[in-house]
Structure formats: structure tokens, C-alpha cells
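This report concerns only the one structure given below.
The values are calculated or read from the model by the stated rules, or taken from the named source; none is laboratory data. Since we're looking at a predicted model, the values are computed, not measured. Heads up, the Cβs are rebuilt from the backbone with ideal geometry, glycines too, and the neighbour counts pull from every protein chain shown.
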Amino acid sequence: MKAGDFPKYGYPSNVVAGLAISTIVGLRRSFRGDAIRAIERLKPSLRVMGQENIPQSGPCVITVNHYHRPGFGAEWLALGISALVPREMHWVMTAEWTAPGKWYEPIKRLYSRLLLKHLSRVYGYTTMPPMPPRLQDVQARARSVRAVLEYTKKHTDFMLGLAPEGANQTKGKLSMPAPGAGRFILLLAGQGSAFVPVGAYETDGNFCLHFGPAYRLAVPSGLSTDERDHMAAENIMKKIAVLLPEALRGDFA
């Protein structure tokens, strides 16, 4: 699509003002409420497929591809899905934005760490170190995983949202998640969660979300830890791939 063919994205002024105040004074906000207001401004309107597959209750993990292009922020994935699911979700969000190879990356990382830390507190979400994994993030990632698992144990009807790839992908194409993502997802499966795949993309001037049927994730016994990790991640991404245009299926075309 040409630049002029993309949907018009924007944030309502009352949401921006309310979020700024909440961030300063430390008040909680409803992400679903803010998402509904933001999506209502979308022109043209959000295009939704598989509406019958939108989960109504938990425990459930909604997995979405990390669609990206210049001018489209990944927050719109969470905004679109949260506006459609009929209850508050708990999103696993990145702890910082990176820009590998760019001179301004240190500045972007520092600024984003502060911003995203405040946003996660306002909405009550869990942050996860950015992908691909970095050696210095091992302990922080372990703490994040424990925090998510503690949340799911405390809220037995949880509705969790995450993008397994965890990073912007080349031209928005699907790619295999980094090692460890499958192990994390299997821990969630062990909590009795159903999984709902979502394909997110833009086409014909529309922002589109395609919900697939819920399923249970399982891998054969007798596999090594690495094999279980890889197979779980692969299964998750294949479920997402079939919901995307063929040109965006990347490694799973």
C-alpha cells in the first residue's frame, strides 16, 4: 500500500490527557476503555474477521503476530484486540524500545524504559525485556516470567495477551520467536489456558484483525527441553500464520 492508503490512526485528546495525569499521580486506568475510544477514531473502521472466535471468558491467552511498519506502532495490536474482547486483559509488554545500529539507540532505550515502566503501572501490565534476548536480561526476564505466572495463579479466569515474536519484524512478515518463548508459553498452557490466535495486518486501506478458533497447546512427551521449546513456538506461529495474507506469513509461508 502507498502511504496515503493506510488507515488514519490517532489518540483521543481526553485519553492522552487522562493518561498523562494518571502517569503523574499514579492512578490506574482501564486499558479497554482507552482502547475503545482510540479504535472508535480509526478511519476506516477496524475490520474484524472471525468475530465468533473472540473469547468471552478465561483462562485464555491471545497470541498475535508482531506486525510492524514505519508509522504503525505495535500498541495498535493491543488496542484493537482489547477493544473487542468484552473484559479487561493483561498484556505482556516490552520493557524498552531498541533501535539496533542507530546512533540514537541509547537515548531511545533510556527514554522508553521510563515511559513503559510508568505505562505498565497505570494499566497494571507486566513488562518483559526486549527481544532478541540479551545476556544482561536473564534475571530480569526470569522475574517477568514469574510475575506473569503469579498473575495467572491469582486470577484463574485470566485473559492474557502477548506477541510471541516480541520484536518488530522485517516488512511485517512472520518469524520464529526467539528461544525460550515456547517454554514460557508451555508454562501458561500448564495453567489450563486455551489459546486464541490473532492475525493482524493492513490491507486495502484497512487495519484488520482475524481471530482464529481457540485450541489447547500440547507437545509430545519424551522431547528435550529445546525440542519442546521449538515445537511449542512453531505450533503457536502456525496457528497465527493461517490468519494472515500469504505475503506476511514469512517463515511459515
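Of the residues making up the range 1-44, those that are free of Cβ contacts under 8 Å to residues at least 24 places away in the same chain and either assigned to a strand (DSSP E or B) or of a type in the set (Gly, Ala, Ser) (or both) number 6. Whenever a residue of the range 107-134 is hydroxyl-bearing (Ser, Thr, Tyr), its partners that are modelled with pLDDT under 80, lying with C-beta atoms within less than 6 angstrom and at least six residues away or across chains, give the pairs 112/96; 112/97; 127/95. If you go through the range 198-253 and keep only what is over 30 Å from residue 40 (Cα atoms) and among the small types (Gly, Ala, Ser), you end up with 218, 221, 222, 224, 232, 233, 250, 253. Of everything listed in (1) loosely packed, with under 15 Cβ neighbours inside 10 Å; (2) under 26 Å from residue 68 (Cβ atoms), the single unmet condition for residue 172 is (1).
The number of residues in the range 27-36 that are within 13 Å of residue 81 (Cα to Cα) and either loosely packed, with under 13 Cβ neighbours inside 10 Å or of a type in the set (Lys, Arg) (or both) comes to 1.
Scanning the range 133-169 for residues that are part of a loop (DSSP other than H, G, I, E, B), surrounded by 16 or more Cβ atoms within 10 Å (Cβ to Cβ) and modelled with pLDDT of 90 or more gives 158, 163, 164. For the residues 150, 75, 105, the requirement of being at negative phi, acidic (Asp, Glu) and touching a Ser or Thr at 6+ places or on another chain (Cβ under 8 Å) singles out 105.
Conditions tested, residue by residue: (1) over 17 Å from residue 65 (Cβ atoms); (2) among the aliphatic types (A, V, I, L, M); (3) modelled with pLDDT of 95 or more.
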{"position": "199", "(1), (2), (3)": "no, no, yes"}
{"position": "205", "(1), (2), (3)": "yes, no, no"}
{"position": "209", "(1), (2), (3)": "no, yes, yes"}
{"position": "218", "(1), (2), (3)": "yes, yes, no"}
{"position": "221", "(1), (2), (3)": "yes, no, no"}
{"position": "225", "(1), (2), (3)": "yes, no, no"}
{"position": "239", "(1), (2), (3)": "no, no, yes"}
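For the range 182-224, the set of residues classified as assigned to a loop (DSSP other than H, G, I, E, B) and among the charged types (D, E, K, R) consists of 204, 216, listed by residue number. Within the range 98-119, being assigned to a helix (DSSP H, G or I) and of a type in the set (Ser, Thr, Tyr) holds for 111, 112. The number of residues in the range 10-46 that are under 30 Å from residue 173 (Cβ atoms) and over 18 Å from the mean Cα position of the chain (by Cα) comes to 8. If I ask for residues that are in contact with a helix residue (DSSP H, G or I) (Cβ under 6 Å, 6 or more places away or on another chain) and among the aliphatic types (A, V, I, L, M), which ones from the range 96-113 would you list? Correct list: 99 only.
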